[in-house]
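A short worksheet on the structure shown next.
The values are calculated or read from the model by the stated rules, or taken from the named source; none is laboratory data. Every value quoted in this text rests on a predicted model; they were computed, and no experiment measured them. Cβ coordinates were reconstructed from backbone atoms using ideal geometry, including for glycine residues, and neighbour counts include every protein chain displayed.
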Amino acid sequence: MLAGRELTDALLVSAGTNTKKALRKGRKARYSTTTSAEITFRATPLTSRVVSENVLGFIEGSDKKEEVVVVTAHYDHIGKDAEEVYNGADDDGSGTVALLEMAEAFSRAKAEGHGPRRSVLFMPVSAEEKGLLGSEYYSEHPVFPLEHTVADLNIDMIGRRDSAHAVGAPYVYVIGSDRLSTELHAINEEANAKYVSLDLDYTFNAPDDPNRFYYRSDHYNFARKGVPAIFYFSGVHEDYHGPGDEVEKILPDLLEQRARLVFYTAWELANREQRIVVDRPEGSK
Ligand SMILES: [Zn+2]
């Protein structure tokens, strides 16, 4: 960015010169001149107060109820732009409905006497689009201690296909599964092989992936606190953060298949004998 005359004058004051003088000096020297000055920047961030709420649906476990498996999906989206409403059917209506279906399945299982051994917290979080604020708040003020939190399974956009998978086998991107716990990664793969048969795409799990999706949804607020986490995602598309992210474009069979993978993984995490181990504690960096 080129600085205007007022700004350059102001910046050069402390060097005892101004733009005109500096340019003249530069012309005399036939190419350029350098001037050192000490500059202090002061910035006042623009802040606004937003009030929002996470929703917590708790299914108490049986013999291991102190330990909690968390399932998250953000229920906010980006709102309205003049007359245009951004419904966010994929981002993250898809994750929110998958979470509700799973919550129903777990609570029905419990009502029929087959409830989970560990507790399961279904938590639609808010203000993700404002900077992961809802999950950040929870991770700083957890209702159930994070030391007892086994894992977070986060669903954010699982209802469509991206251009890399416009045709072909059903797939889902799996991000973060192996960063903190190799067992979590293995459980998700086993659940998939046994019940769901999706192509698991780890492209965005590469530590040097330029999209940095690992840091861009709510699971990260658990991972940065040392809680193993998986982010399930089907990729961005032409309607991402646009008014065209509508329910007619959701692929229901694929959404269901992906939701089943999250369900079976959650079921195993909640019911296996041993709590999964964090064997790569530095993995969230
Ligand atoms: Zn989202």
Checklist outcome for this item: Counting only residues that are in contact with an Asp or Glu (Cβ under 8 Å, 6 or more places away or on another chain) and assigned to a loop (DSSP other than H, G, I, E, B), the range 236-285 contains a total of 16
Checklist entry - Which of the residues that make up the range 51-70 are of a type in the set (A, V, I, L, M) and surrounded by 10 or more Cβ atoms within 10 Å (Cβ to Cβ)? => result 55, 56, 59, 68, 69, 70
Checklist entry - What pairs come up if the first residue lies in the range 253-267 and is modelled with pLDDT of 95 or more, the second is of a type in the set (S, T, N, Q) and crowded, with 22+ Cβ neighbours inside 10 Å, and their beta carbons are under 8 Å apart, counting only those six or more places apart or on different chains? => result 254/234; 255/94; 258/234; 261/188; 265/188
Item to check | Scan of the range 152-163 for residues that are out of contact with any strand residue (DSSP E or B) (no Cβ under 6 Å at 6 or more places or on another chain) and not in a loop (DSSP other than H, G, I, E, B), ordered by number | outcome: 163
Item to check | the range 103-146, subset polar (S, T, N, Q) and more than 16 Å from the ligand (Cβ to nearest atom), residue surrounded by the fewest Cβ atoms within 10 Å (Cβ to Cβ) | outcome: 107
Item to check | Any hit, the range 164-173, residues being over 30 Å from residue 49 (Cα atoms), among the β-branched types (Val, Ile, Thr) and part of a helix (DSSP H, G or I) | outcome: no
Item to check | Contacts under 7 angstrom Cβ, first residue in the range 79-98 being of a type outside the set (D, E, K, R), partner surrounded by fewer than 12 Cβ atoms within 10 Å (Cβ to Cβ) and not in a helix (DSSP H, G or I), 6 or more apart | outcome: 86/79; 86/80
Checklist entry - Condition test on residue 100, is it surrounded by fewer than 19 Cβ atoms within 10 Å (Cβ to Cβ), in the same structural domain as residue 265 (by TED's automatic domain parsing), more than 16 Å from the ligand (Cβ to nearest atom) and under 19 Å from residue 258 (Cβ atoms)? => result yes
Next on the checklist: Please determine whether any residue of the range 192-206 is over 20 Å from residue 168 (Cα atoms), away from the ligand (no atom under 16 Å from the Cβ) and of a type in the set (Lys, Arg).
Outcome noted: yes
Checklist entry - Mind checking whether some residue in the range 72-90 is in a helix (DSSP H, G or I) and within 16 Å of the ligand (Cβ to nearest atom)? => result yes
